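The values are calculated or read from the model by the stated rules, or taken from the named source; none is laboratory data. Source: prediction; values computed, not measured. So basically every Cβ, Gly included, is an ideal-geometry build from the backbone, and we count neighbours across all protein chains shown.
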Amino acid sequence: MTESNVMLITGGSRGIGAATAIMAAEAGFDVCVNYASNREAADEVVRRCRELGATAMAVQADVSNETAVVDLFEETEAELGSLSCLINNAGIVAPLQRLDEYSVERLTEIVNVNIVGAFLCAREAVRRMSTKHGGDGGTIVNVSSAASYLGSPNEFIDYAATKGAMDTMTIGLAKEVANEGIRVNAVRPGVIDTDIHASAGAPDRVEALRGNIPMQRGGAAEEVAAAILYFTSDASSYVTGSLLNVSGGR
Ligand code: NAP
């Protein structure tokens, strides 16, 4: 950790982001839990973080909206102090479809949230954490997906491609800011038991895919959060530009 221990988690109200917020609070971080619309879920995560002794806050912001993202970072620092860690976790999937069925609306939305949103948040983090800009350094962890190397045929190739973009950003940005006190890494979760599958119209997806996973089970959000926390800790002090699969061997 840098001297401050302030973590901003995009999409921290549910799933992997929520598990990360709680584990970070346990590890001594103060946390900003960003969410898109589910205020109740975000408030519950904040409550649990506070129970663990952290200072915590919830902030609504759509990561694909530039003004909202800038406000999110400003509010976080005004309330919690200098940012030391960004978890670029907010992400969406679209209903399972073949590529020959995609609409331009579907493509635009997924690119805006998963790629533009991740880049905007990384930009704001670098502007604050880079020693080049007078910051104290820090860590960025991108939540990519095993989809980036599997391609997700007959499900969501567009989603997989947005995660490919996130992997590329991880590698490029890690090199760009390596000498400015910032480490940038990514986790690539496999099939993890969260609400995201229901939002793709496949609430039973984890169970349905179990047989395709070498470990023969879906993962838990906490198992991804543990890998994320590794990248934010001094245990990974010489690790940057890494893509860590958390996928049960898939
Ligand atoms: P989830 O349970 O569906 O939660 C999504 C979170 O993102 C929620 O907190 C949601 O806020 C927030 N969110 C959605 N759109 C947003 C936006 N435009 N701006 C800000 N926040 C937004 O998802 P999850 O499964 O935890 O996934 C988290 C990340 O892991 C995603 O990037 C996903 O692609 C990646 N991932 C997941 C899996 C998996 O199997 N679950 C596998 C590989 C990668 P609200 O609560 O307000 O809606």
Where a residue in segment 190-214 is without any contact (Cβ under 8 Å) to a residue 24 or more places away in the chain and its partner, wherever it lies, is within 9 Å of the ligand (Cβ to nearest atom) and outside any helix (DSSP H, G or I), with Cβ under 6 Å and at least six apart: 206/191; 206/193; 206/218; 209/191
Condition met for residue 241 (outside any helix (DSSP H, G or I), crowded, with 18+ Cβ neighbours inside 10 Å, modelled with pLDDT of 95 or more and not hydroxyl-bearing (Ser, Thr, Tyr)): no
Cβ pairs under 9 Å, 6+ apart, first in segment 24-46 and among the aromatic types (Phe, Trp, Tyr), second modelled with pLDDT under 95 and in a loop (DSSP other than H, G, I, E, B): 29/1
Residue 151 being in contact with a Pro (Cβ under 7 Å, 6 or more places away or on another chain) and over 24 Å from residue 61 (Cα atoms): no
Condition check for residue 200: at pLDDT below 95 and surrounded by fewer than 21 Cβ atoms within 10 Å (Cβ to Cβ): yes
Subset of segment 81-118 (residues that are surrounded by fewer than 15 Cβ atoms within 10 Å (Cβ to Cβ) and either within 18 Å of the chain's Cα centre (by Cα) or at negative phi (or both)): 95, 98, 99, 100, 101, 103, 104, 105, 108
